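The structure appears right after this line, and notes come after that.
The values are calculated or read from the model by the stated rules, or taken from the named source; none is laboratory data. Keep in mind that what you see is a predicted model, and the values were worked out from it rather than measured. We place every Cβ from the backbone using ideal geometry, glycine too, and count neighbours over all the protein chains shown. To get the accessible areas, we keep the full protein, side chains included, count just its heavy atoms, and leave off ligands, DNA and RNA. Shrake-Rupley method; radii C 1.70, N 1.55, O 1.52, S 1.80 Å.
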Amino acid sequence: MKFSQEIRQAAKTYWDSSFSHPFVTGIGDGTLPLEKFRHYVMQDAYYLKHFAKIQARAASKATDFATIAELAEHATSTYAAELSLHQSFFEPLAITEADLATFEPAPTAYAYVSHMHHASKGTLGETIAAILPCYWLYYEVGQQLLTKSPASPIYQQWIATYSSEWFERVVFEQVDRLDALAAQATEAERERMKQHFVKSCYYELLFWEMGWTEETFERVFTGVTRQAKVTKR
C-alpha cells in the first residue's frame, strides 16, 4: 500500500464525512443558503492567503530545482486561480471592501491555519502532508458533484473549478510527491506526516461545519458561556 493510501485510510472517518456534510450536498443540489456560502468564501480567502505562504515555504525546503519550481508554481496558482475565483464571488455575494477591512477569521479557520504553520516548521514531507488534504479532498468533492446541476451559477463555477483537469493535475502531482518523500523518510518522520495529514482532514470537515453554522468567535464564546451557566445550575 502506498503511503498516501495508508494515511487516507487513517483519516477515513473525517474524509468520508465531508461528502455527506450538508454544506457540500447543499452546493450540489443548490439548496445551500447563499449567506452560508458567503461566510465560507470570506473564511476561505483568509485560509488561502496562508495556504499560499506555506506552499512557498515548502518550495524553500526543496533541494532540487525542479521541485522548487513546481512548488513555487503551486503558490502562484493559488493566487491566480483560487483567489480570483473567490474575487468573482465577491460582487454577487455582496462582499464589500468594508467587509474585508473588518474581517476576523472564525475559530476553525484560525485553528486550521495555525496547524498548517506549525506543521510547516518540519520537513518538506511534513509540510506537504499538512496541505495535501486541501488539494485531494476538494478534488474528490468536485468529482462527486460533477454530475450535479445547481441553479446557482456560483455553485456551478465552484464545482467546475474543483473538478477541472487542471486541478486534477496539481492534486496528483502532490500525491506522488508525498509518496516519494515518504519513501525516503524515517519511520518517525512518516508518523509525523501521517498525524499532520489526519489533523488537516479533521479541520477540512470542521471547515464545512464552520460555513454551515456561520461560525464566529462571538457565537462560539456565547455558546460556551451559555453552557457554563447550565453546568453551574
### Query
Restricted to the range 121-133, and to residues that are crowded, with 24+ Cβ neighbours inside 10 Å and small (Gly, Ala, Ser), which residue is nearest to Thr186 (Cα to Cα)?
Gly125
### Task
Please tell me if Thr76 is of a type in the set (Val, Ile, Thr), within 23 Å of Leu205 (Cα to Cα), in a helix (DSSP H, G or I) and without any contact (Cβ under 8 Å) to a residue 60 or more places away in the chain.
no
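Residues Ala56, Ala62: which one is out of contact with any strand residue (DSSP E or B) (no Cβ under 9 Å at 6 or more places or on another chain) and open to solvent by 40 Å² or more (accessible area, probe 1.4 Å)? Working first, answer last.
Values: Ala62 fails: open to solvent by 40 Å² or more (accessible area, probe 1.4 Å).
One residue alone meets the criteria, Ala56.
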### Query
So which residues in the range 79-102 are part of a helix (DSSP H, G or I), surrounded by 14 or more Cβ atoms within 10 Å (Cβ to Cβ) and modelled with pLDDT of 85 or more?
Phe89, Phe90
### Query
Is the range 30-37 home to any residue that is closer than 20 Å to Ala106 by Cα, exposed (fewer than 14 other Cβ atoms within 10 Å of the Cβ) and of a type in the set (Asp, Glu)?
yes
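Inspect all residues belonging to the range 212-224 and state whether any of them is under 21 Å from Lys2 (Cβ atoms) and assigned to a helix (DSSP H, G or I). Break it down stepwise before answering.
Initial filter on the range 212-224 (under 21 Å from Lys2 (Cβ atoms)): none.
Checked against the condition, which is being under 21 Å from Lys2 (Cβ atoms) and assigned to a helix (DSSP H, G or I), the range 212-224 yields no hits at all.
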### the range 137-153: number of residues that are open to solvent by less than 20 Å² (accessible area, probe 1.4 Å) and either in contact (Cβ under 8 Å) with a residue 60 or more places away in the chain or touching a Cys at 6+ places or on another chain (Cβ under 7 Å) (or both)
4
